[in-house]
Each structure stands twice: as C-alpha cells, then as structure tokens.
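J.: My structure is below; once you've seen it, I'll send some questions.
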Amino acid sequence: MTSVIETRYFPIDPLAPDPGAIEECGRIIREGGLVAFPTETVYGLGANALEEGACRRIFQAKGRPQDNPLIIHVASPDDLEVLTTDLPPQAAKCIQAFWPGPLTLVLPKAPRVPAVVSAGLNTVALRMPDHPAALALIRAAGVPVAAPSANLSGRPSPTLGSHVMEDLAGRVEAVLDAGPCRVGVESTVLDLTEALPVILRPGGITREELTGVLGQVAVDPGLQDESLAPRSPGVKYRHYAPKGKLVPVSGPEEKVQARILREIRRGREQGLRVAVLCSAESAPVYAGSGAEYVEILGSKREPWTVAATLYRALRECDQRNIELILAETFARSGMGAAVMNRLEKAAGHHVILLT
Ligand code: TXA
Ligand code: MG
C-alpha cells in the first residue's frame, strides 16, 4: 500500500538550475526520500543508492517488479569506487569517451551496494548522466543516486516534467522539471563483465559509436529473439506501452503508406479512434486520411529526431484516447536501433512486415 504524499514541484532552468531547489531535493534524497529529476535521456526517479529502504520505495512508487535492477547515477567517475570492485580497461575507455552521457556500464557489484538495487545480481549498472540538473542533484545529495525511469511501470518513459507528474504525483516527495529531455530514449546498457562487451539494451549511445572505441561489440540475441531470455532483466517486460493497440508497419515505403491508409479506413469503419506516427518525409500522404491524430516523429534520415519525440507521441495517443496506432518504422542503423527496439516492445513485438 502506498499512501498519498504531497509532491513538491520545482520548475527549474535546465542549464542553470536554481541552487535552492537543488539543495532541497538533494536533502530529500540524502534523508531517504524520492525525487524525480531530468536527465539527457528520460526523467529518472532517484533515491539514495546506498540505503536499502529508500531504494525499496522506488519499486513501490512505480509498481516495479522486484527482479528488475536499478541503474546507479554518479556525478563523477571518482564516485565509482564504492560501487564496483573492478574497473576493466574497457570501462575506462567508455568513461573517457562517453561520460557524461547516455551509456550505462554493467560491472561487478561492490558489497556496499544493497541487493535490492541489483535485484540480487552480483553486477551493478552505473552511469553518469549528461544533464546539469542531474549532476547538481547528485552532488547536492552527496550520495550515488539509484534511478529507474520516472514512469509508472508499464507506461512510456517520461520525457517531460508533466509526464512525471501524470504518473507519480502523490507518490514521490519532489519533482524537478527542466523541460524536455534531449535524447528521448533511455541509455544504452553495456555489459562489461566478460571479455566481449555486450549491448543489453540499445539506447542513446549507438553500437557504431561503441565499436569505434572498443572494437568488437556484441548485441544480446535475447533482444530480437523472443524465445531467448534477455540478459537485462528489465528488457523482458512489455513496458513503453501506450493504452491503444500499436501496429508498426515495415517494408518498402510506398507499400507501407498504402497499407497504413488501408488500416486507417478499416479502423474507422470499426468506429475506432486512429492515430498515425510517421516520418516527416511521408507525412503529406496521411493528410486527409481520416486519422484522428497524425504525429511526425522525425526524419527518416535523422533517427535521433525520432528518438526525441517517440515517447511523447505515445503518451499523446493515450491523452487523446486513441485505440489504434499505426506507426511507420525506421532503419536500424545508429539511433534507429534504439527507436525500433522501443517501437517493437511497445507493440509487443507484433509488426506488420511487407515485402
Ligand atoms: O537513460 C536511462 O538509463 C534512464 C535514466 C533515468 O538514467 N534510466 C532507465 O532505468 O532507463 P530503467 O530502470 O528504466 O532501466 C534500467 C535497465 C533495465 O533494463 C534493467 O534491467 C537494466 O537496466 N539493468 C540494471 N542493472 C542491471 C544489471 N546489473 N545487469 C543487467 N541489466 C541491468
Ligand atoms: Mg524504464
């Protein structure tokens, strides 16, 4: 049972966050409370990572399954010492190249980290976010900050302060609102506990970027193949999901457009409220299609623009009570890998594939 608590709301300037608000929120975390805060990827729900009780409250507030471990956020690579027992050369290279930034490293867990944070695993996920308010908050707290995405379990991750308030008002002590998150999808989770680095979750740092620094990098086969258990516990849950039925349509451009137009007609004949999530390039095709809501996710040639709008668009569909969402798909290179991973997960892996 979670009782209703008063949530303090702090709008802040993302580049120059109000020191008073940051101090206050740092104190809340240090004293065992929960603070939602912006990062460059999505909003996080933070607690003192070294306090078991505080971290348990994260799971309660989100309704998060206990077997899904949390990422610990630090303000500097110097803070890693109490958290991990080993910093292999590959970790040092990643930190040098990508921190602060949307890359989470899975490393051997130090005894000081409570088991609840790592869901009983002997590894721990660590990242230094690239957001002035996040870094200031962690410094003010004076402790490492465990934080999953600040959504209710099962909902799309929040990329705006208003998304956090929608999901968590009454469940957390404070929300820091610094406006939209730049990246829009979560960090890349990279396992460095074995010789070959493995991407457990595609995200804000691309496989291509990692390969450039580390050489060979594998991708967890469990991400694509539903018959295999993914190595990152959280990846198995069907989260990121909107309330309406989401149907991604993949294939040659003109066939995809024709199929989506046909599905819009069929949906409307059934009396459904229909939305289309599409690229800027093909948006004109859907003008006058009868869809209730057409959202341009971004450009096919610039998948990071799609990443930045995807979760907001999924939540917008919920706001508008959309029952059927038809989505174009995007090439899997660069940020396209993370975009397609989230779209497929949100759709429960059911994609219309045209040839
Ligand atoms: O960008 C992000 O990573 C955001 C912001 C707030 O930093 N956080 C985030 O946290 O996405 P969350 O809890 O929604 O996702 C954490 C992911 C899950 O898939 C979880 O299973 C995985 O990281 N993870 C955490 N610890 C792990 C570990 N020891 N081994 C493997 N996977 C782990
Ligand atoms: Mg999440």
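The values are calculated or read from the model by the stated rules, or taken from the named source; none is laboratory data. Remember, predicted model here, so these are calculated numbers, not experimental data. Every residue, glycine among them, receives a Cβ derived from its backbone with ideal geometry; neighbour counts consider all protein chains shown. Note: accessible area is taken over every heavy atom of the protein model, side chains too, but ligands, DNA and RNA are not part of it. Shrake-Rupley method; radii C 1.70, N 1.55, O 1.52, S 1.80 Å.
J.: Would you mind counting up the charge near GLY20? Only other residues with Cβ under 13 Å from its Cβ, with Lys and Arg at +1 and Asp and Glu at -1. Kindly include the intermediate steps, with their values, before the conclusion.
T.: On the way: positive: ARG8, ARG27; negative: ASP13, ASP18, GLU23, GLU24.
So the surrounding residues net to -2.
J.: Ignoring everything except DSSP H segments at least 4 long, calculate the 222 nm mean residue ellipticity for the chain; use -39,500 (n - 2.57) per segment, divide by total residues, nearest 500.
T.: For the chain, the value works out to -9000 deg cm²/dmol.
J.: Also: Mind checking which lysines have their C-alpha under 23 Å from LYS243, skipping anything on the same chain fewer than 8 residues away?
T.: Straight-line reach from LYS243, under 23 Å: LYS62, LYS345.
J.: Oh, and also: Over its Cα atoms, what ratio of radius of gyration to 2.2 N^0.38 Å does the chain give? Walk me through the intermediate numbers first.
T.: Values: Rg = 20.1 Å, N = 355, 2.2 N^0.38 = 20.5 Å.
Scaled against compact globular proteins, the figure is 0.98.
J.: When the Karplus curve 6.51 cos²θ - 1.76 cosθ + 1.60 is applied with θ = phi - 60°, which whole-Hz ³J(HN,Hα) does each residue of region 30-39 get, with x for Gly and Pro?
T.: 4, 8, x, x, 10, 10, 8, 9, x, 10
J.: Tell me the accessible surface of SER227 in square angstrom (1.4 angstrom probe, heavy atoms of protein chains only), to the nearest ten.
T.: 100 Å²
J.: Run the accessible area of region 245-353 with a 1.4 Å probe and give the carbon-and-sulfur part as a rounded percent.
T.: On the way: 2270 of 4720 Å².
Looking at region 245-353 in its full context, I get 48 percent from C and S.
J.: Of all GluC sites (Glu not before Pro) in region 1-83, which ones are in loop regions per DSSP and have a Cβ with at most 10 other Cβ atoms within 10 Å?
T.: For GluC sites (Glu not before Pro) across region 1-83 that sit outside H, G, I, E and B with at most 10 neighbouring Cβ atoms in 10 Å, the list reads GLU6.
J.: Could you please put TYR311, TYR9 in sequence from largest to smallest accessible area, using a 1.4 Å probe?
T.: TYR9, TYR311
J.: List every residue whose amide H lies under 5 Å from the amide H of THR123, counting only residues 5 or more places away in sequence or on a different chain, with H placed 1.01 Å from N in the peptide plane.
T.: HN-HN under 5 Å from THR123: LYS109.
J.: Can you send over the carbon and sulfur percentage of the accessible area for region 8-223, probe radius 1.4 Å, protein chains only?
T.: On the way: 4080 of 7600 Å².
On region 8-223, the fraction of accessible area on carbon and sulfur atoms equals 54 percent.
J.: While we're looking at this one, here's another question. In whole Å, how far is the Cα centre of region 158-206 from that of region 29-90?
T.: Centre-to-centre (Cα) distance: 12 Å.
J.: Okay, next question. For region 308-355, rounded, prolate or oblate, judged on the Cα gyration tensor with a ≥ b ≥ c (square roots of eigenvalues), a/c < 1.5 rounded, else prolate if a/b > b/c?
T.: Taking the square roots of the gyration eigenvalues as a ≥ b ≥ c, region 308-355 is oblate.
J.: Shifting gears a bit: Determine the shape class of region 1-86: with a ≥ b ≥ c the square roots of the Cα gyration tensor eigenvalues, call it rounded for a/c under 1.5, and otherwise prolate if a/b is greater than b/c, oblate otherwise.
T.: Cα axes put region 1-86 in the oblate bin.
J.: Quick check: with the 1.4 Å probe, what order do SER250, SER118 take by accessible area, largest first?
T.: SER250, SER118
J.: Based on the mean of other Cβ atoms within 10 Å per residue, sort peptides 168-179, 287-298 so the most packed one is first.
T.: The packing order, highest mean first, is 168-179, 287-298.
J.: For a quick check of your reading of the filter: which trypsin sites (Lys or Arg not before Pro) in region 227-284 sit in a DSSP loop and have no more than 16 other Cβ atoms within 10 Å?
T.: Sites meeting the loop and neighbour criteria: ARG238, LYS243.
J.: Using a probe radius of 1.4 Å on heavy atoms only, what accessible surface per residue do you get for the chain? Whole Å² is fine.
T.: Working: 14580 Å² over 355 residues.
Value returned for the chain: 41 Å² of accessible area per residue.
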